[in-house]
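J.: My questions will all concern the structure given below.
The values are calculated or read from the model by the stated rules, or taken from the named source; none is laboratory data. Not measured: the values here are computed from a predicted model. Methodologically, a virtual Cβ is constructed for each residue, glycine included, from the backbone with ideal geometry; neighbour enumeration extends over all protein chains shown.
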Amino acid sequence: MTKPSILITRAIFPEVLEQLGQHFSVESNQVDTMWSPEELAQRLQGKVGAFMTGTEKVNAALLAQCPQLKLCANMTVGYNNFDLAAMTAAGVLGTNAPDVLTETTADFGFALLMATARRVTESEHYLRAGKWTRWSYDMFSGAEVHGSTLGIVGMGRIGQAIARRAALGFGMQVIYHNRSRLDAATEASFNASWCSKEELLKTADHVMLVLPYSASSHHTIGAAELALMKPSATLVNLARGGIVDDAALAEALREKRIAAAGLDVFEGEPSVNPALLTVPNVVLTPHIASATIGTRRAMAALAVDNLVGFLVNGKALTPLNPEVLAQQGA
Ligand code: DGY
């Protein structure tokens with residue numbers, strides 16, 4: 001029997017090709033070419049599924065050109081590359097990869113927080129430039145992390161994993177803002193209390209953004225919000241580019257209206273607003289919060305399980321638009 005055809009859109013662990021090859025005829029992209037939307041549409045011809053990495057836009061225009069497509073499986077938890085309404089209308093299921101990256105991503109949130117508050121990269125650049133000639137009492141003094149107040153915007157799985165580290169590891173007080181409140185026992189387990197976004201921004205010593213990107217979270221932090229923060233405060237964006245107005249942030253950092261920022265995600269990435277590259281008080285990393293080999297393997301494995309589960313056995317593990325399953329009686 002001929003195997004159904006699928007596309008893997010970016011380079012990936014060789015075992016993924018092998019596992020998917022047991023069930024499907026696989027077209028892959030191990031040379032890792034960045035395909036244009038036109039090329040992606042062309043490569044998807046005749047494919048029933050796609051293994052994706054969260055960077056490929058799946059919208060009505062693409063779907064109209066790919067009538068055989070049934071499933072797009074992201075190996076990422078974020079899925080702002082999917083127009084879910086258009087996918088549902090076209091009867092195409094989307095899946096993501098939640099849970100498996102939670103702890104690794106929370107670790108990195110702390111790495112960025114520590115690097116930002118304690119000026120790790122700024123001081124390293126100084127040392128590498130040969131500028132360090134003597135110890136001095138206030139050189140690169142930063143902000144206290146332990147015992148301070150952490151404001152978390154977005155309190156899903158990753159936000160909660162960060163809150164746990166903050167409360168139990170660093171004795172921090174945690175305040176958070178989220179559409180829905182956690183139950184009292186969960187709040188108490190990491191010493192957290194809900195507050196409005198405005199109160200959080202005014203009160204927190206460190207602000208961490210871990211909310212999903214959508215039209216309604218676009219520029220959650222812009223000039224007005226930055227103006228509410230303490231001049232000594234730091235901001236970490238671990239979520240998605242577009243949640244912060246990067247131009248407004250660069251200006252606030254240059255004018256020292258907040259102390260520092262740590263950014264793993266950027267508006268229009270992989271391009272980075274040039275103004276951010278010129279301010280010293282920002283730590284910049286290239287979207288690596290989930291990047292450990294073990295976690296990336298687990299993320300890829302979940303996408304494989306979704307492809308095999310749905311296209312071979314009719315059951316997806318982590319569907320984003322389960323209405324499609326209902327339409328198909330699955
Ligand atoms: C995700 O899974 O959404 C991450 O941002 C990619 O590492």
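J.: Could you go through region 97-115 and let me know if any residue there is more than 30 Å from residue 76 (Cβ to Cβ) and within 30 Å of the chain's Cα centre (by Cα). Full working, then the answer.
T.: Here is the first cut: in region 97-115, the residues more than 30 Å from residue 76 (Cβ to Cβ) are none.
Scanning region 97-115 turns up no residue that is more than 30 Å from residue 76 (Cβ to Cβ) and within 30 Å of the chain's Cα centre (by Cα).
J.: Quick check on region 53-74: of everything there that is more than 16 Å from the ligand (Cβ to nearest atom) and either within 17 Å of residue 307 (Cβ to Cβ) or basic (Lys, Arg) (or both), which residue is surrounded by the fewest Cβ atoms within 10 Å (Cβ to Cβ)? Show your work before the answer.
T.: So in region 53-74, the residues more than 16 Å from the ligand (Cβ to nearest atom) come out as 59-71.
With either within 17 Å of residue 307 (Cβ to Cβ) or basic (Lys, Arg) (or both) added as a condition, the list becomes 66, 68-71.
On the way: 66: 23, 68: 12, 69: 25, 70: 19, 71: 23.
Once the filter is applied, the top-ranked residue is 68.
J.: I'd like to check something: does region 298-315 contain any residue that is more than 28 Å from residue 34 (Cβ to Cβ), more than 17 Å from the chain's Cα centre (by Cα) and of a type in the set (A, V, I, L, M, F, W, C)? Walk me through it before giving the result.
T.: Initial filter on region 298-315 (more than 28 Å from residue 34 (Cβ to Cβ)): 309, 312-315.
Pick out the ones that are also more than 17 Å from the chain's Cα centre (by Cα) and you get 309, 312-315.
Then keep just the ones that are of a type in the set (A, V, I, L, M, F, W, C); that gives 312.
Yes.
J.: Here's something else I'd like to know. Within region 38-58, track down each residue that is over 22 Å from the mean Cα position of the chain (by Cα) and not β-branched (Val, Ile, Thr).
T.: Step one: filter region 38-58 for residues over 22 Å from the mean Cα position of the chain (by Cα), giving 38-49.
Answer for region 38-58, where residues must be over 22 Å from the mean Cα position of the chain (by Cα) and not β-branched (Val, Ile, Thr): 38, 39, 40, 41, 42, 43, 44, 45, 46, 47, 49.
J.: Using the structure shown, decide if residue 264 is charged (D, E, K, R), buried (at least 16 other Cβ atoms within 10 Å of the Cβ), modelled with pLDDT of 95 or more and within 14 Å of the ligand (Cβ to nearest atom). Give the derivation first.
T.: Details: charged (D, E, K, R): yes; buried (at least 16 other Cβ atoms within 10 Å of the Cβ): yes; modelled with pLDDT of 95 or more: yes; within 14 Å of the ligand (Cβ to nearest atom): yes.
Considered against the rule, which asks whether it is charged (D, E, K, R), buried (at least 16 other Cβ atoms within 10 Å of the Cβ), modelled with pLDDT of 95 or more and within 14 Å of the ligand (Cβ to nearest atom), residue 264 comes out as yes.
J.: Got a sec? Which of 121, 116, 95 is hydroxyl-bearing (Ser, Thr, Tyr) and outside the structural domain of residue 256 (by TED's automatic domain parsing)?
T.: Only one candidate qualifies: 95.
Condition check ((1) surrounded by fewer than 22 Cβ atoms within 10 Å (Cβ to Cβ); (2) in contact with a strand residue (DSSP E or B) (Cβ under 6 Å, 6 or more places away or on another chain)) across all residues:
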{"position": "184", "(1), (2)": "yes, no"}
{"position": "217", "(1), (2)": "yes, no"}
{"position": "222", "(1), (2)": "yes, no"}
{"position": "229", "(1), (2)": "no, no"}
{"position": "235", "(1), (2)": "no, yes"}
{"position": "251", "(1), (2)": "yes, no"}
{"position": "257", "(1), (2)": "yes, no"}
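J.: Report, by residue number, each residue of region 282-322 that is surrounded by 17 or more Cβ atoms within 10 Å (Cβ to Cβ), away from the ligand (no atom under 16 Å from the Cβ) and either β-branched (Val, Ile, Thr) or assigned by TED's automatic domain parsing to the domain that holds residue 252 (or both).
T.: Scanning region 282-322 gives 282, 283, 308.
J.: Considering region 157-172 alone, what residues qualify as being buried (at least 18 other Cβ atoms within 10 Å of the Cβ) and either closer than 20 Å to residue 240 by Cβ or in contact with a strand residue (DSSP E or B) (Cβ under 6 Å, 6 or more places away or on another chain) (or both)?
T.: 158, 159, 160, 161, 162, 163, 166, 167, 172
J.: Determine which single condition residue 29 fails, assuming it passes every other condition in (1) closer than 28 Å to residue 315 by Cα; (2) away from the ligand (no atom under 16 Å from the Cβ); (3) in contact (Cβ under 8 Å) with a residue 40 or more places away in the chain; (4) in contact with a Leu (Cβ under 9 Å, 6 or more places away or on another chain).
T.: Checking residue 29 against (1) closer than 28 Å to residue 315 by Cα; (2) away from the ligand (no atom under 16 Å from the Cβ); (3) in contact (Cβ under 8 Å) with a residue 40 or more places away in the chain; (4) in contact with a Leu (Cβ under 9 Å, 6 or more places away or on another chain), the one that fails is (3).
J.: Need a quick list: helices (runs of 4 or more DSSP H) entirely within region 75-183 having at least 3 residues that are hydrophobic (A, V, I, L, M, F, W, C) and within 16 Å of the ligand (Cβ to nearest atom). First the steps, then the outcome.
T.: Values: elements: 84-89, 102-117, 120-128, 157-164.
Of the helices (runs of 4 or more DSSP H) lying wholly inside region 75-183, those with at least 3 residues that are hydrophobic (A, V, I, L, M, F, W, C) and within 16 Å of the ligand (Cβ to nearest atom) span 102-117, 157-164.
J.: If I go through region 55-106 residue by residue, how many of them are free of Cβ contacts under 8 Å to residues at least 40 places away in the same chain and among the polar types (S, T, N, Q)?
T.: The total comes to 4.
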